[in-house]
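**Student:** Here it is, the structure in full.
The values are calculated or read from the model by the stated rules, or taken from the named source; none is laboratory data. Source: prediction; values computed, not measured. Cβ placement follows ideal geometry from the backbone for every residue including glycine, while neighbour counts extend to all protein chains displayed. Ligands, DNA and RNA are excluded from the accessible area calculation, which covers all protein heavy atoms including side chains. Shrake-Rupley method; radii C 1.70, N 1.55, O 1.52, S 1.80 Å.
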Amino acid sequence: MECDVCGRSMRRWPAPATEWEEDIWSCSWCHATTHVGGKWFEIARPPYMSMEMRWERALADGLPAEVSHAFGTFGTTLCGIQEADMSPSDNLWMPERDNACSACREAAVVIDDRWPQAMRGEDARVSVVRRSGA
C-alpha cells in the first residue's frame with residue numbers, strides 16, 4: 001500500500017485483523033496510519049495531529065522509568081529502542097517535559113516536518129465510508 005501523505009510504501013501491522021476485520025498500515029517515514037476494513041469504514045485515514053497530540057508513551061519492561069519515550073510503530077520507540085513487549089500506553093507522550101527522551105523529541109520533529117502543509121488540514125486525508133447494506 002502506498003502512503004497518501006508522502007507516497008512511500010506502508011507496512012501492515014503484524015497483528016491479526018481486529019474483531020471488526022480491520023488491518024492497520026503505517027508509513028515508516030512520515031508515520032501516517034491507514035485502517036482498512038472495519039465496521040464503519042472501507043478506508044479510514046486519521047488526520048494530521050501535532051507533535052504534542054500524536055504520540056503515546058511507550059511501555060516495556062526494558063525501558064527506564066525515569067525517561068519518557070514515544071511509542072513509534074512496530075514495537076519501537078521513536079528513538080529506535082525495540083523491546084518484545086513494547087506497546088503504547090493510554091497516556092500521551094509529552095515532548096515538552098523534562099523527562100522526555102531527547103532523541104524521541106528530535107525524531108518527532110523530523111517526522112512532523114515530513115508532513116506537507118497541504119496534508120495537515122482536518123479534511124486533507126480522505127476516508128471512505130462503508131455504504132449501508134455492504
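**Student:** Tell me the per residue accessible area of the chain using a 1.4 Å probe; a whole number in Å² is fine.
**Tutor:** 60
**Student:** Turning to a different aspect of this structure: Can you put D4, D61 in order of accessible area, largest first, using a 1.4 Å probe?
**Tutor:** Reading off the accessible areas and sorting them downward yields D61, D4.
**Student:** Largest first and to the nearest Å, give the Cα extent of segment 57-128 along each principal axis.
**Tutor:** Here the spans come out as 38, 28, 19 Å, largest first.
**Student:** With every protein chain left in place, what is the accessible area of R120 in Å² (1.4 Å probe, nearest 10)?
**Tutor:** Its heavy atoms expose roughly 60 Å² to the probe.
**Student:** May I pose another question? Given a cut-off of under 8 Å on Cα pairs at least six residues apart, what relative contact order in percent is computed for the chain?
**Tutor:** 25
**Student:** Roll a 1.4 Å probe over the protein heavy atoms and report the accessible area of I111 in Å², nearest 10.
**Tutor:** The accessible area comes out at roughly 10 Å².
**Student:** Given the options A58, A108, A124, which has the most mean-square fluctuation in a GNM of the chain, springs set between C-alpha atoms less than 10 angstrom apart?
**Tutor:** Among A58, A108, A124, the largest GNM mean-square fluctuation belongs to A124.
**Student:** Further, regarding this structure: Which log10 I(q)/I(0) values does the chain give at q = 0.19, 0.22 Å⁻¹ under the Debye formula, counting every alpha carbon as one identical point scatterer?
**Tutor:** Evaluating at q = 0.19, 0.22 Å⁻¹ gives log10 I(q)/I(0) of -1.15, -1.38.
**Student:** Using 7 Å Cα-to-Cβ label points, what is the E66/M49 separation (nm, one decimal)?
**Tutor:** Taking the simple label geometry, E66 and M49 are separated by 3.0 nm.
**Student:** Can I ask one more? If each residue of separation counts as 0.36 nm, what is the full-extension length gain between E2 and W40 once their alpha-carbon separation is subtracted?
**Tutor:** Stretched fully, the E2-W40 segment lengthens by 11.5 nm.
**Student:** Rank R11, R45, R97 by mean-square fluctuation in a GNM of the chain with C-alpha springs under 10 angstrom and give only the top-ranked residue.
**Tutor:** R97
**Student:** Still on this structure, I have one more. Which cross-chain or sequence-distant (5 or more) residues have an amide H under 5 Å from the amide H of E42, H modelled 1.01 Å from N in plane?
**Tutor:** For E42, whose amide H was placed from the backbone, the distant partners under 5 Å are V128, V129, R130.
**Student:** Once phi is turned into ³J(HN,Hα) by the Karplus curve 6.51 cos²θ - 1.76 cosθ + 1.60 with θ = phi - 60°, what whole-Hz value does each residue of segment 81-88 show in order, with x for glycine and proline?
**Tutor:** Along segment 81-88, the couplings run 6, 10, 10, 4, 9, 5, 8, x Hz.
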